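Written out below as structure tokens is the structure these notes cover.
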Amino acid sequence: MPVQFLYTAGAAGERFFQTLKRKGIFTATHCEECRLTYLPPRLYCERCFADLSDTWRDVTPVGRVYTFTIVHVDREGGPLSSPELVAFVRIDGTDGGLVTRLLEIAPEDVRIDMSVEITLAPPRKRRGTLEDILGFRPARSVAKRPFTRR
């Protein structure tokens with residue numbers, strides 16, 4: 001079934017993506033009362049409803065694999081030309097994370113809680129969208145061999 005959708009980033013998302021585009025880092029918002037750091041950022045705390053519009057902080061885009069899977073079909077149900085590794089990455093220093101591609105690693109080498117770092121589009125090609133994040137790759141020299149279709 002084909003899927004069509006339109007989703008705006010909103011004020012918090014727009015600031016997140018523009019900072020990513022310009023600086024190559026993440027921004028998050030923080031609730032002092034609940035001690036939560038939101039990434040993706042929020043304009044209010046989801047627990048206590050505090051205003052977070054003045055609580056922005058920069059976050060280095062590194063994290064840890066929380067869970068992962070191998071994807072064989074695209075959003076519309078068609079086959080991908082080659083399978084992709086997709087993971088939920090918890091971003092260090094925050095209480096959130098992102099669903100993203102894993103790059104430069106074979107599925108058998110991925111480990112839950114492994115350290116990963118961001119791979120961004122080159123600065124001149126960034127548009128201030130989710131597509132600026134190409135994925136995350138193993139931090140340090142964790143990767144042993146690239147993922148290729150068998």
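Under a point-charge model restricted to the Cβ atoms of Lys and Arg (+1) and Asp and Glu (-1), what is the dipole moment magnitude of the chain relative to its Cα centre, in debye to the nearest 20?
Computed charge dipole of the chain: roughly 620 debye.
Just going by the charge dipole of the chain, with Lys and Arg at +1 and Asp and Glu at -1 on Cβ, which of ALA139, VAL89, TYR38 is farthest out on the positive end?
Sorting the options by dipole projection puts first ALA139.
For n ≥ 4 DSSP H runs only, could you compute -39500 (n - 2.57) per run for the chain, divide by its residues and tell me the 222 nm figure to the nearest 500? All intermediate terms of the calculation are to be shown ahead of the outcome.
Details: 1 runs with 14 residues, N = 150.
Rounded to the nearest 500, it is -3000 deg cm²/dmol.
How many angstrom lie between the Cα centre of region 13-87 and the Cα centre of region 124-138?
Cα centroid of region 13-87 versus Cα centroid of region 124-138: 12 Å apart.
So if I place +1 on the C-beta of Lys and Arg and -1 on the C-beta of Asp and Glu, and nothing else carries charge, what would the dipole magnitude of region 10-58 be about its Cα centre? I want it in debye, nearest 20. Mind showing how you got there, number by number?
Values: 8 positive and 7 negative charges, 59 e Å.
Here the size comes out at about 280 debye.
Using only Cα atoms and rounding to the nearest 10 degrees, what angle (0 to 90) does helix 10-23 make with the longest principal axis of the chain?
Its long axis makes an angle of about 60 degrees.
Read through the labelled values (1) -0.78, -0.86, -0.93; (2) -0.56, -0.65, -0.75; (3) -0.66, -0.76, -0.86 and report the label of the one computed as log10 I(q)/I(0) by the Debye sum over Cα atoms at q = 0.13, 0.14, 0.15 Å⁻¹ from the structure.
Correct label is (3).
Any read-out appearing in this document is the output of simple, stated calculations on the displayed coordinates, not a laboratory observation. Quantities reported herein were computed from a predicted structural model and do not represent experimental measurements. Note that we place each Cβ from the backbone using ideal geometry, even for glycine, and neighbour counts take in every protein chain shown.
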